Structure formats: structure tokens, C-alpha cells
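J.: Attaching a single structure in C-alpha cells format; questions to follow.
Computed from the coordinates by the stated procedures, all read-outs in this text should not be read as laboratory data. Owing to the predicted nature of the structure, the values given are computational and were not obtained by experimental measurement. Cβ atoms come from the backbone with ideal geometry, glycine included; neighbour counts cover every protein chain shown.
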Amino acid sequence: MSSTTSGLRLLRTALAALVLATAAVGVPGAGGGAPQAQAAGTYRAQYHFTVPDRWMNDPQRPVYINGKLHYYYLYNADYPNAVGTAWRLATSTDGVAFADQGIAAPKNTNVNRDLWSGSVVVDTANTAGFGAGAVVQLVTQPDFRTGGGAQAQFLWYSIDGGRTFRPHGDTPVIPNGGRRDFRDPKVVWDSARGRWVAAISEGERIGFFTSPDLKTWTWRSHFVTNHGLLECPDLFPIRADDGTTHWVLGVSPGGTPSTYAYWTGTFNGTAFTAAKTTPQWLDHGFDWYAGVTWEDPAAPMDRRFGMAWMNNWAYPDNTPTRAADGFNGTDSIVRQITLKRYPDGYALVSQPTPALASHATSVRNLGTIQVNGGPVPLAYNGTAYQLDTDISWTQLDNVGVQLRVSADGTRHADAGIYRDFSYLNRRQTGSPDTTGTRGESHAPWNPAKKTAHLRILVDRTTIEVFVDDGRHVHSSQVFADPSDTGIRLYTSGGSATFANTRITEFRDLAQRPARVLSGFEGTSYDPGWSTTGRFVGTGPTFQNLPGMVGRAVLDTFAGGGDSATGTITSPTFTLDRNHLHLLIAGGNHPAGSPGQTTVNLIVNGQVVRTATGDNTGVMKPVDWNVGNLQGQSARVQVIDQATGAWGHIMVDHLLLSD
């Protein structure tokens, strides 16, 4: 959910100590101290997903629509001046490179104001009645119908393939019912029983609800824990490597680590039963919160993908990206997740998605390095890369890698193994946690084991350490100075061999932000728009059309009904993205026909793209590929020359995006 409201932020801070605490143990570079002053330079991640501007928090579980991954996340365009989140959309073909598509579900569209976390589903069978294939969103909003603002669950829907959403009224489909905490619904389809299941956070417990149609819900059971405030539940079946099928219930609890706790067990359609009362952790770092997972369409029962917000409610605003680059919000790398059987039970294991390799620009083999003490510098410098190494030893206390090392060696982050735990230590460099209590993360390690594979993803403000098969991972923000680029190897209490040591670099995958040409949300057209004929002096119309975005649209009916004629023309703009999207309804009178009602894209005085309505009031999507027109100046012109039935046209949400 969106915890950018001050009350909930304070609530999370107060609850931050209720989960297991991780003590710091002395390792190389384990000293405390305040973060170092930062040098000038970009902090935007090179190959991790980042919000284009302003603020991002909770990821929302992505869905595949027409073969493309649709990833939604909470976004605040008013940060840092005001709180309140919308849902923003990015699309991807591989889960690594994303294209920004702008805001999909705007805040302040209905009386309930902003949108918090939830989930979307593709309603293939039209159970909700919005149409087969509609994308339906069950989302938490504050219920302001009576002024109280209690958390409740509301329906929004999309009929343009998940690009834009509208609220299904102001009334919740799952009312609060007197709960203090009631948010973050995660919806799955229960194919065995032919109904929808929602897992919803209710403070220290998860409630399970079922529905035949996404509109009428019945409470079924609670899963109760003793791990404090729980958020962002996750529920899914998965087949383990031994062929058995299990259900997994995941949550994001407060405290340390504030990441993704999960239980394996069974789900009978109404209740989840855990195999063990104590949870496991998909990540042991400090900054892998609000994690979401989704099916790998190539093997939906055997593999999943997952990602999370790389931040912590203990220090959400403490980042150099805000001043240096104008944004606050970075996600983890997308992981591939499987379930594996161990002697002590079943556990999820994860590794960076295999698709990451397709974005590599270079791989450097640094060979085998013998280390006895150290630190020993590697022949490489950088701020964004992947480091792989196979470590072996006979007898030692501590072994690891110093990352983002300063020229004088005083600043660095350390990743390694100390006796019976693996760790990631960020105390000797820029850390978001000024209290020093979240400086070093730990995960269990078998001290009898004398080999380890470390796969470490370093990006400009993040480090993710995957140990061996990925049962244990450490993901944390590390705000190293941009000039700190070194890598050093070290041991204590013995020597070690670092074999197959490789550095992989990746291309810059930063998104080009989508650009709204006009959303037609004001009482008059945006500056620079011009009108002729009966449309002089008119403006957008406030109405409620299926599929429209926000509260108003351009509707030429405003000029005096069907008989009104004239043009409405945008100012000149540059075609600097690959697609121009819009929504259109109204009269079906194509260009070239008597009395046209069209939207035209004009370049060099010529109409290069055109669209018309379908004689309905349902807003339908139009996607013009303008990749071959990049860099050229253009205008959008709405023409209404029709005077008879359906002699008007409606247009909304003109957006340039990749």
C-alpha cells in the first residue's frame, strides 16, 4: 500500500522493531559512522528499474497481456510536496528492459482519492462483466464516502489492455468492517473451484476471501502470525524439484529484515496451513520490501519471477538520487524463483533472471586469484556490474569481497562469509540508515562447507548478493560515492582461492519517460491548443464514459450538439517516442468521407495517421507506431464536419511513449 501518509509512516516506524533483529558482528570494514559526503554525479541505476521522476514505492504483481509484461507500481507525482499515490505502468518483453507508459490509474479520480497496493488480473471469462479479457484491479483505497477514510477494497477496470483504468464506482466491494489495518489484496484464480481468491493484510494476520465475479466477496479464514504488521501478501502454488506441489504464502513484515517472509504449506481453497510456524526469508538484506512474484509463462508451475522495492520504511526519503537525479525509487533486479527440497524442508531459491545476460555489453575473465589476508585489488573499476567468483578454502575465519572501494581504501561495502553466516556490510560507505542499526545483514551458513559461489549485482546505489544456489540473498541500498569504483578480495584466519572470477557489464537500461500531450482534465484546453468554428470558447467535458481516463474528455458535442462543426488542434510537438497512444469514441466518419469525425496526426502539413469512432460512447484505444517519424514536428487535429447522427467525437489521454 502507499505509506506516504504521515500517520502510516509513523506507524511503520513504530512497528519496525517487532520482527527479528540482526546483530552486527565484526568483519573487515565493520566500523560504524555517518555516511560519507557524496560527490557530484548520477546515482540513477544503470540496469535496474527506476522511477522516471518523483516517487515510487510498492511494486504491483505484473501480468502478461498480449505477450507483453505489464508492470504497475505506486507513484506520487506530487512528491515531496504532498502524499498520495497513483498506479504507473511500465511494459517489458523480458523483465529487464522496461518502457514507461505513464500513469495507468490516476489518483483523485473518484471520491476515495489515492490508490494503494492491490493486484490486477486478466478476466478472460468475463466473470466481472466488464468484457472478456478486461483487466480488473482490486485495490485498497481510503473509503471517504462518509469522511472516515477507513481502508477498504475497490474495483477498477481497464478495457484497453491494461493501459488505463477507471473506478467501478465509489463503493468498496470488500468494506472495512471495523478493521484497523485492511489492505494490499492479492487476487489469484482458484481453477480447482472456479472462483477468485484474495489474500488481504489485516495487521498481524492475513484474511482469505473468495468470489465468483470479483464483485461479491465472502470471508473464509485467517492466517495468524506473531510477526507484527504484515503487508503485501503473496499466494501461489509451485512445483518443487522433487515433483511435489506446494502452496506458498509470502508477506512483507516490519522490523529486520524488512523483506519477504514466506511459509510453504497447503491451501484448500479457504485456508492456508503452514508446514512450519517459523517463516523463511526470500531475502536477508534490508531493502527488498513489498515483493511480488508472478508465473513464468514458459513453465507456470515450475518457475516464477519476483521483484521488490529497494527501500525501507525506516529511512524512505534518505537517498542521494532525489537531489542528484530528481527521483526516489529503485527496484531490485527481477529474479527467477524455484522451490527446492533440502534436508530441513522446502525453500525458495532465486537467481537474477536469465534474460539479464542478453543485455551484457562485456564479460571480463579475471582468472584465479590466491588471497591470504589482503585486501588484494582486482584489475577492474566500475559502479555498475555483476561479479561472479568461486571461492574455496581449507581453514579460515572470514572471506569476502570489498565493493565500491575508494581510492584511499577507507570506504567500501563488504560481502562474504564469516564462520557460520554470510553477510553484506555497508557501514564503511554511504548508508541510508544513519542510526547504524541496519548496517550488516546475515544469513545462515554451514561452517563445515569449504566452497561458495558468490554472484553479486552492483549498481549505482544497490548491491544484491546471491550465495550459492540463491537460497540466501542479501539486497541492500549502498550509497557509495560515484568516485568509489574499486574491488578488493580479502581473507582472515587463512587463505582462499577465488576462481572463475568474472566481471559482466550491462548497457544503460534507463527508461525514456512517457509524455502526456493532453489528458483534457481542465475546464479549458491546455495552453497552445486552438479551436475553430463552433468549438471556439469550449473546453473539455466532465462526464463518465466507459474507458475514459480521469474526469473529463474532449467531446465535440460541447460545441452545440451533433450539428456543431470545426477543429480543435494541438500545439506543435516533437515526435520523440516510438508510439502515440490515445482513446477515441463517437461518430464513425473516417477521413475522406462526407462529414468526417477524425483525429489526425499531421507532419509537414500531411495527415500521416488518422482514426475515427465506432458510433458508441465507449472509449477505445488507438496506438500509432511513429518510430519512423522520430525527431519530426507534429500536431494532433480533431476534425468534426458531421451534422447528423453521431455527429461528434470524443478523445482522451494523448500519450507519447516507447
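J.: Straight-line reach only, C-alpha to C-alpha below 23 angstrom: list the lysines that Lys276 could link to, leaving out same-chain residues fewer than 8 apart.
T.: Straight-line reach from Lys276, under 23 Å: Lys186, Lys340.
J.: Where does each of Lys107, Lys186 land when they are ranked from fewest to most other beta-carbon atoms within 10 angstrom?
T.: Least crowded to most crowded, the residues run Lys107, Lys186.
J.: Beta carbons within 10 angstrom, averaged per residue: use that to sort the peptides 516-523, 236-243, highest first.
T.: Highest to lowest by the protection proxy: 516-523, 236-243.
J.: Can I ask one more? Using Cα positions and a limit of under 22 Å, work out the lysines in reach of Lys620, with same-chain residues fewer than 8 apart set aside.
T.: Qualifying lysines at Cα under 22 Å: Lys68, Lys107.
J.: Here's something else I'd like to know. Calculate the spin-label point distance for Asp242 paired with Asp53, positioning each point 7 Å from the Cα along the beta-carbon direction, and give it in nanometres.
T.: 5.4 nm
J.: Let me ask you something else. What's the FRET efficiency of Thr437 with His227 using the Cβ-Cβ distance as r and R₀ = 22 Å, to the nearest 0.05?
T.: That gives a FRET efficiency of 0.75.
J.: Take Asp388, Asp397, Asp555 and order them by how many other Cβ atoms sit within 10 Å, fewest up front.
T.: Ascending number of Cβ neighbours within 10 Å: Asp397, Asp388, Asp555.
J.: Now, a different point. Take the Cβ-Cβ distance between Asp390 and Asp508 as r, set R0 to 30 Å, and report the resulting FRET efficiency rounded to the nearest 0.05.
T.: In this case the efficiency is close to 0.55.
J.: Let me ask you something else. Note down the net charge around Asp555, summing +1 for each Lys or Arg and -1 for each Asp or Glu among other residues with Cβ under 11 Å from its Cβ.
T.: Taking every Cβ under 11 Å from that of Asp555, the sum is -2.
J.: Say R0 is 56 Å: what FRET efficiency, to the nearest 0.05, do Thr146 and Gln370 get from their beta-carbon distance?
T.: According to the calculation, E is roughly 0.20.
J.: In sequence order, what are the phi-derived ³J(HN,Hα) couplings for the range 63-69 according to the Karplus relation 6.51 cos²θ - 1.76 cosθ + 1.60 with θ = phi - 60°, rounded to whole Hz, with x for glycine and proline?
T.: Ordered by residue, 3J(HN,Hα) equals 9, 8, 10, 6, x, 10, 6 Hz.
J.: If you filter the range 142-176 for chymotrypsin sites (Phe, Trp or Tyr not before Pro), then keep DSSP loop positions with at most 16 other Cβ within 10 Å, what is left?
T.: Phe144
J.: Report the equivalent ellipsoid semi-axes for the range 97-222 in whole Å, largest first, defined as the square roots of five times the eigenvalues of the gyration tensor built from alpha carbon atoms.
T.: Equivalent ellipsoid of the range 97-222: 21, 20, 13 Å, largest first.
J.: Specify the inter-centroid distance of the range 362-395 and the range 126-149, based on alpha-carbon positions, in whole Å.
T.: After rounding, the separation between the Cα centres reads 52 Å.
J.: Here is a follow-up. Gain in length, Ala355 to Thr616, computed as 0.36 nm per residue apart minus the alpha-carbon separation, to one decimal in nm?
T.: 89.7 nm is the gain from fully extending Ala355 to Thr616.
J.: Can you tell me which of 93-104, 452-463 comes out highest on packing, and rank the rest after it, using the mean Cβ neighbours within 10 Å?
T.: 452-463, 93-104
J.: By counting other Cβ atoms within 10 Å of each Cβ, how are Ser422, Ser633, Ser332 ranked from fewest to most?
T.: Lowest to highest Cβ neighbour count: Ser633, Ser422, Ser332.
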